[in-house]
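Take a look at the structure below.
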């Protein structure tokens, strides 16, 4: 049995990572794909669990070697999904969740049209900004940049198969 691929995308702060992790806990046969990134590790994050943290030079070498199913530069950092890791899990019958942005979602859908895509939307722009500030990990400039890019991300939500409003976490 081949696993199913689920693409979950959302603006930063909308709750996609938290929702995806909750799905994994409650699903019998599903795993998160662990992306590679060049961004600095946040407090509490574990290499190989939350992300594979690599240097920009390492990441660009991986791009040249066509390692990634998709990759993008987001907020000045690179993020990429290992094609081999995803294909291996799917071949083992594991349902795979990708936590990626709209650009990556678009690329994956082109290569794997059987993927099911889901956009997570915040209840409002005000709430999105509140969530970003509550994290306490970003500078004011980063928060402003994320807010600008959130509007663009939300404009692409209609490209997904499903849209979920993350107003009440348990319902979402």
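We did not get these values from a lab; they are worked out from the coordinates using the rules stated. This structure is a prediction, so every number in the text was calculated from the model and none was measured. Glycine also receives a Cβ, built like all others from the backbone with ideal geometry; neighbour counts cover every protein chain displayed.
Please order 100, 94, 8 by the number of other Cβ within 10 Å, starting at the fewest.
Fewest-to-most Cβ neighbours within 10 Å comes out as 94, 8, 100.
With the Cα gyration tensor of region 11-78 giving a ≥ b ≥ c as the square roots of its eigenvalues, does the rule (a/c under 1.5 for rounded; else a/b larger than b/c for prolate; else oblate) give rounded, prolate or oblate?
Prolate, because a/c is 1.5 or more and a/b exceeds b/c.
Hey, of [x] 29, 18, 16; [y] 24, 20, 15; [z] 50, 19, 13, which did the structure itself give for semi-axes √(5λ) of the Cα gyration tensor in Å when calculated?
From the options [x] 29, 18, 16; [y] 24, 20, 15; [z] 50, 19, 13, the structure gives [y].
Could you work out [θ]222 nm for the chain from helices alone, using -39500 (n - 2.57) per DSSP H run of at least four and dividing by all its residues? Round to the nearest 500 deg cm²/dmol.
Using -39500 (n - 2.57) per qualifying helix, the result is -11500 deg cm²/dmol.
Counting only DSSP beta bridges with both residues in region 1-88, what percent are antiparallel, rounded to the nearest 5?
Here the antiparallel bridges make up roughly 75 percent for region 1-88.
As a test, work out the antiparallel percent of DSSP beta bridges whose residues both lie in the chain, rounded to the nearest 5.
Around 30 percent antiparallel, to the nearest 5.
Give the distance, in whole Å, between the Cα centre of region 48-118 and the Cα centre of region 125-142.
25
State the extension gain, in nm to one decimal, for the chain segment bounded by residue 23 and residue 134, taking 0.36 nm per residue of separation less the distance between their alpha-carbons.
37.7 nm
For the chain, what's the relative contact order in percent, using C-alpha pairs closer than 8 Å and at least 6 residues apart?
35
How much FRET efficiency would the formula 1/(1 + (r/R0)^6) give for residue 159 and residue 84, where r is the Cβ-Cβ distance and R0 is 35 Å, rounded to 0.05?
That pair, residue 159 with residue 84, gives E of 0.85.
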